[in-house]
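Please treat every number below as a calculation from the coordinates, not as lab data. Keep in mind that this is a model prediction, so the values were computed, not measured. Cβ coordinates were reconstructed from backbone atoms using ideal geometry, including for glycine residues, and neighbour counts include every protein chain displayed.
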Amino acid sequence: MTAIDSDAVPYASPAAAGGAPYVTTAVAYDGVLLAGFGGPEGQEDVIPFLRNVTRGRGIPDERLEEVAHHYRHFGGVSPINGQNRALKQALEAELAERRIELPVYWGNRNWTPYLSDAVTEAAAQGDTTLLAFATSAYSSFSSCRQYREDFAQVLEETGLDTTVTIDKIRPFYDHPGFVAAFESGVRTAVEGFRADGIPAGAIQVLFSTHSIPTADAQRSGPRDVDFGPGGAYAAQHEAVAGWVMDRVAQAVPAADDVAWELVYQSRSGPATQPWLEPDVCDVIGELPARGLAAVVVVPVGFMSDHMEVLWDLDTEAAEAAAGAGLAFIRTPTPGVSASFVTGIVDLIQERLEGRAASERAHVTSLGPSFDICRPACCENVRAGFKPAAAGIAP
């Protein structure tokens, strides 16, 4: 195999290496890399998994046990690996249905099978031009750049950096296939509460996503765009939530009287460090004083029903709503719904074809996002910039 030259974008296919925001040249990819977060699959895996997640932060096992009880409550098994197995199978079926002959390799950042296993397997099969789909939809360090850094690290550590390239599908937060589940879920929930006699003005919709450090949020997305105090991360969620509510208002009588806001969950940093707020459970506790009777919680930041949905929303938020005397519905995540799986393959196809940005599907004015992340995009202020695939340095 010959060495691959890189220009502005390291570890990239020749079509993506020049650094243009959108790759509008067709690329003959050899395979799809499904990049997951990973999760434990038994009680003995929980602490080793959490050590992987928090590597480099010096967190003792006693503190990790404070989070471990979420997993232990479910037998030490995170649902995320099973969900990614199902997603891989669904993607393979959809690709075959469209006669797109691409194998799907699955690897995780924090648990087996690891990304290094998947990339090594692909290279052994002769599949060296890979297109990665990271299982996070939005722009931030943890949901985008950290995956890109892991791709670079894997290529360097396996010695495949001169023979394998990894491009990445754009952040897909406002792709129609991703948002469809949220729109239908909110519509169904509001219709159900209305059928139960609850006035539209007594219903609150809370769009929930993972809280991140405020400093990371402010640095999310391209540096040359002012997204407001929460950076691209908050702006993208707000845009999706606004689109969902506009659609629901068009479909359900009086739904424009339904209040909504963006809330956060799953904070894990020290109390002295500012993180995005308000917390979902704190807001739920305030709703009776606002004269509200029902709450719809929408996991808009999540692709599937993994641990932070099952624990933070289905357990803690549901308990907060019961304690406040509120009717409660948590709407579905995209999971392996037909619209989402079709949407992922649409995203793959736009890169296979080199589709122009003007022809790419999106539902908000912020999209479509870039194929190639811009310089200094999604900085981690604590660790600085590390080598990363699918973006211009740093």
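Going through segment 140-191 one residue at a time, which ones are polar (S, T, N, Q), closer than 17 Å to ARG109 by Cβ and touching a Ser or Thr at 6+ places or on another chain (Cβ under 7 Å)? Answer for segment 140-191, where residues must be polar (S, T, N, Q), closer than 17 Å to ARG109 by Cβ and touching a Ser or Thr at 6+ places or on another chain (Cβ under 7 Å): SER140, SER143, THR158.
Figure legend. Inter-residue proximity from segment 366-394: first residues over 18 Å from GLY231 (Cα atoms), second residues of a type in the set (Lys, Arg) and surrounded by fewer than 20 Cβ atoms within 10 Å (Cβ to Cβ), beta-carbon distance below 7 Å, spacing 6+ or different chains. Indicated pairs: ILE392/ARG374. Being hydrophobic (A, V, I, L, M, F, W, C), crowded, with 23+ Cβ neighbours inside 10 Å, out of contact with any Pro (no Cβ under 9 Å at 6 or more places or on another chain) and in a strand (DSSP E or B) holds for only one residue in VAL205, VAL186, VAL154, and it is VAL205. In segment 346-394, the qualifying residues are those that are in a loop (DSSP other than H, G, I, E, B) and hydroxyl-bearing (Ser, Thr, Tyr), and the one that is surrounded by the most Cβ atoms within 10 Å (Cβ to Cβ) is SER369.
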